[in-house]
Amino acid sequence: MPTIVADIARGPDEVWRAFTDARLFAAWMPGLRRAAIVNAYDDGLPREVLFEYSASLTYTLTYTYDATKRVVQWEPRVNARDGVRGFATLEATPHGTRITYKLEQGVGRTVGDLLIGGPHSIVEAFVRWVER
């Protein structure tokens with residue numbers, strides 16, 4: 001599971017809100033056709049999200065959060081073979097936020113799925129989107 005680190009020229013609170021808002025995932029996540037919140041925690045953060053990804057993959061991920069440390073973790077719940085597992089941490093820097101991102105992709109993904117939704121392309125797309 002490769003680790004990707006990138007700096008974002010936005011404050012950590014803004015980056016946290018953008019990264020944890022599942023309603024916005026399709027706006028920046030390569031290959032994602034749709035994300036729908038299945039259920040949420042009392043604070044509104046998504047607990048389980050349904051993903052329609054690439055040409056035909058459908059799966060759900062469950063999320064856990066440590067808002068104080070700005071850590072998000074996710075793991076597959078339904079159709080784990082097609083899903084992903086990983087985490088992201090967001091740290092304040094003098095010029096914005098540093099994201100550290102890890103992603104392990106399910107064995108049901110094709111080479112094409114792996115290319116469009118690899119960790120590098122996801123982080124690059126998120127940074128471009130959130131800095132716009």
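If you scan region 15-40, which residues turn out to be more than 21 Å from Ser121 (Cα to Cα), touching a residue at least 12 places away in the same chain (Cβ under 8 Å) and of a type outside the set (Gly, Ala, Ser)?
Ile37, Val38, listed by residue number.
Considering only residues of region 1-47 that are under 24 Å from Leu57 (Cα atoms) and basic (Lys, Arg), which is surrounded by the most Cβ atoms within 10 Å (Cβ to Cβ)?
It comes out as Arg47.
Hey, among the residues in region 61-79 that are surrounded by fewer than 17 Cβ atoms within 10 Å (Cβ to Cβ) and of a type in the set (Ser, Thr, Tyr), which one's farthest from the chain's Cα centre (by Cα)?
Per the stated criteria, the residue is Thr68.
Residue by residue through region 80-104, note down the ones that are surrounded by fewer than 16 Cβ atoms within 10 Å (Cβ to Cβ) and hydroxyl-bearing (Ser, Thr, Tyr).
Thr93, Thr100
In this structure, does Thr97 turn out to be in contact (Cβ under 8 Å) with a residue 40 or more places away in the chain, touching a Pro at 6+ places or on another chain (Cβ under 7 Å) and of a type outside the set (A, V, I, L, M, F, W, C)?
yes
Looking at Val107, is it surrounded by 15 or more Cβ atoms within 10 Å (Cβ to Cβ) and either of a type outside the set (Ser, Thr, Tyr) or at pLDDT 95 or above (or both)?
In short, no.
Quick check on this structure: which one of Tyr53, Tyr59, Tyr41 is out of contact with any helix residue (DSSP H, G or I) (no Cβ under 9 Å at 6 or more places or on another chain), modelled with pLDDT under 95 and among the aromatic types (Phe, Trp, Tyr)?
So the residue among Tyr53, Tyr59, Tyr41 that is out of contact with any helix residue (DSSP H, G or I) (no Cβ under 9 Å at 6 or more places or on another chain), modelled with pLDDT under 95 and among the aromatic types (Phe, Trp, Tyr) is Tyr59.
Search region 50-65 for residues that are closer than 14 Å to Gly117 by Cα and in contact (Cβ under 8 Å) with a residue 60 or more places away in the chain and pair each with any residue that is among the aliphatic types (A, V, I, L, M) and part of a strand (DSSP E or B) when their beta-carbon atoms are under 8 Å apart and the residues are at least 6 apart or on different chains.
Close Cβ pairs (under 8 Å, with a partner that is among the aliphatic types (A, V, I, L, M) and part of a strand (DSSP E or B)) amount to Tyr53/Leu32.
Restricting to region 110-132, name every residue that is exposed (fewer than 14 other Cβ atoms within 10 Å of the Cβ), under 15 Å from the mean Cα position of the chain (by Cα) and either under 19 Å from Gly11 (Cα atoms) or aromatic (Phe, Trp, Tyr) (or both).
Listed by number, the residues that qualify are Arg128, Trp129.
The values are calculated or read from the model by the stated rules, or taken from the named source; none is laboratory data. Owing to the predicted nature of the structure, the values given are computational and were not obtained by experimental measurement. Positions of Cβ are generated from backbone atoms using ideal geometry, with glycine treated the same way; all protein chains shown enter the neighbour counts.
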